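The next block holds one structure in the form of structure tokens; read it before the comments.
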Amino acid sequence: MRFPVSFTKMSGAGNDFILLDHRRPLFADTAAAQRFAKGVCERKFAVGADGLILIEGSDRADFRWQFFNADGSIAEMCGNGARCAARFAHERGIAPARMTFLTLAGMIEAEVVGTSVLLTMTPPLDGRLNQRLPGPDGREVTVHSLNTGVPHAVIFSEELERVPVREWGCHFRFHPHFAPAGTNVNFVARGENNLLRVRTYERGVEDETLACGTGAVASALVAARLGLVASPTRIITSGREELVIHYRLAGEEFSQVRLEGPADFIYEGSLHQEALRRA
């Protein structure tokens, strides 16, 4: 690839991403893109981000994306990243305000309204409630799970601020129950008036992030299945941003699941090869 490489940094409720217009490919293959993602996402030595998003052409939708976690692994879906991708594509004239784009989780619909994006999610899968699993201290914990494009575990806590998210998140992320793919892990506290507070340990980042869109959706839908909230459900993230989850629930089936929240431009720049010397 040729340097310098132009990039855009964006934030979706505190989840930060590096976006490249990749309609003219820069990488020889997926492995090269993964190495680039791992290098460019490393904080303090490069740009630093929770993930890398490549915007590419498509004959089936307005565009398609490739999404890479900060460790270079490939993710099927990312709700906050998808909102950033939608706004990026709209601002660059790649897609209209109402658009579709392809992910590994399926076709995504999005609508850009100012600095906010309303995202129609793929149908949730593999919902399982009230699983009893041993925690790091050996005591059993009630864990719920749901795939909202990527797998999520949901654990409710009355003392959310005191939860050791990195330790407990890592424990359940690699728990044999969720092997071989592992899972993201959400710790959730119930508020009033359909409000949830959520802290998330993200697979691929391997730490707590300031927000997780698919995790917010999973938390809201699990809480709805348990009769704790109704649509629309408001989510307050670790970064103190607000996401809104819209859905319909009939029996045990969800439909019209949508994620609403900000997608903000942070800065644009040119990346030099030195930034990738540790990749």
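Check Arg98, Arg128 and return the single one that is closer than 28 Å to Glu253 by Cα and out of contact with any Ser or Thr (no Cβ under 9 Å at 6 or more places or on another chain).
Arg98
Which one of Ala110, Ala89 is part of a helix (DSSP H, G or I) and touching a residue at least 24 places away in the same chain (Cβ under 8 Å)?
Working: Ala110 fails: part of a helix (DSSP H, G or I).
Answer to the check: Ala89.
From the list Leu118, Leu133, Leu102, which one is touching a helix residue (DSSP H, G or I) at 6+ places or on another chain (Cβ under 7 Å) and outside any loop (DSSP other than H, G, I, E, B)?
Answer to the check: Leu133.
Spot the failing condition for Ser6; the list is (1) surrounded by fewer than 17 Cβ atoms within 10 Å (Cβ to Cβ); (2) at pLDDT below 95, and only one is missed.
Going through (1) surrounded by fewer than 17 Cβ atoms within 10 Å (Cβ to Cβ); (2) at pLDDT below 95 one by one, Ser6 breaks only (2).
Would you be able to tell me the number of residues in segment 81-109 that are surrounded by 21 or more Cβ atoms within 10 Å (Cβ to Cβ) and over 15 Å from the mean Cα position of the chain (by Cα)?
Residues that pass the stated criteria total 5.
Somewhere in segment 184-192, is a residue touching a residue at least 40 places away in the same chain (Cβ under 8 Å), under 17 Å from the mean Cα position of the chain (by Cα) and not assigned by TED's automatic domain parsing to the domain that holds Arg87?
No, that holds for no residue.
How many residues does segment 11-41 contain that are closer than 14 Å to Phe67 by Cα and assigned to a strand (DSSP E or B)?
7
When you scan segment 212-232, do you find a residue that is modelled with pLDDT of 95 or more and in a strand (DSSP E or B), even just one?
Start the filter on segment 212-232 by keeping residues that are modelled with pLDDT of 95 or more, which leaves 212-232.
Subset that is in a strand (DSSP E or B): none.
There is no residue in segment 212-232 that is modelled with pLDDT of 95 or more and in a strand (DSSP E or B).
Among the residues of segment 154-164, is there at least one that is part of a strand (DSSP E or B) and either touching a Pro at 6+ places or on another chain (Cβ under 7 Å) or of a type in the set (D, E, K, R) (or both)?
Within segment 154-164, not a single residue is part of a strand (DSSP E or B) and either touching a Pro at 6+ places or on another chain (Cβ under 7 Å) or of a type in the set (D, E, K, R) (or both).
Yes or no, residue by residue, for (1) acidic (Asp, Glu); (2) under 27 Å from Cys84 (Cα atoms); (3) modelled with pLDDT under 95:
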{"site": "Leu119", "(1), (2), (3)": "no, yes, no"}
{"site": "Pro123", "(1), (2), (3)": "no, yes, yes"}
{"site": "Thr148", "(1), (2), (3)": "no, yes, no"}
{"site": "Arg162", "(1), (2), (3)": "no, no, no"}
{"site": "Glu167", "(1), (2), (3)": "yes, no, no"}
{"site": "Phe172", "(1), (2), (3)": "no, no, no"}
{"site": "His177", "(1), (2), (3)": "no, no, no"}
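Report, by residue number, each residue of segment 189-226 that is more than 19 Å from Asn147 (Cα to Cα), of a type in the set (A, V, I, L, M) and surrounded by fewer than 19 Cβ atoms within 10 Å (Cβ to Cβ).
Selection gives Ala189, Leu195.
Select from segment 246-279 the residues that are in a helix (DSSP H, G or I) and buried (at least 16 other Cβ atoms within 10 Å of the Cβ) and list them in ascending order. Quick ask: steps written out before the conclusion?
Of the residues in segment 246-279, the ones in a helix (DSSP H, G or I) are 273-276.
Of everything in segment 246-279, those that are in a helix (DSSP H, G or I) and buried (at least 16 other Cβ atoms within 10 Å of the Cβ) turn out to be Ala275, Leu276.
Just name the residue that is surrounded by the fewest Cβ atoms within 10 Å (Cβ to Cβ) out of those in segment 147-183 that are of a type in the set (Gly, Ala, Ser) and within 19 Å of the chain's Cα centre (by Cα).
Only one residue fits best here, namely Ala181.
Looking at segment 227-245, which of the residues that are of a type in the set (D, E, K, R) and surrounded by fewer than 19 Cβ atoms within 10 Å (Cβ to Cβ) is nearest to Ala46 (Cα to Cα)?
Step one: of segment 227-245, the residues of a type in the set (D, E, K, R) are 234, 240-242.
Keeping just the survivors that are surrounded by fewer than 19 Cβ atoms within 10 Å (Cβ to Cβ) gives 234, 240, 242.
Values: Arg234: 34, Arg240: 26, Glu242: 28 Å.
Result: Arg240.
Per-residue answers, yes or no, for (1) part of a strand (DSSP E or B); (2) under 17 Å from Ala216 (Cα atoms):
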{"site": "Gly48", "(1), (2)": "no, no"}
{"site": "Ile55", "(1), (2)": "yes, no"}
{"site": "Ser58", "(1), (2)": "no, no"}
{"site": "Arg64", "(1), (2)": "yes, no"}
{"site": "Phe68", "(1), (2)": "yes, no"}
{"site": "Asp71", "(1), (2)": "no, no"}
{"site": "Met77", "(1), (2)": "no, yes"}
{"site": "Cys84", "(1), (2)": "no, yes"}
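The values are calculated or read from the model by the stated rules, or taken from the named source; none is laboratory data. Computed from a predicted model, the values in this text were never measured in an experiment. So basically every Cβ, Gly included, is an ideal-geometry build from the backbone, and we count neighbours across all protein chains shown.
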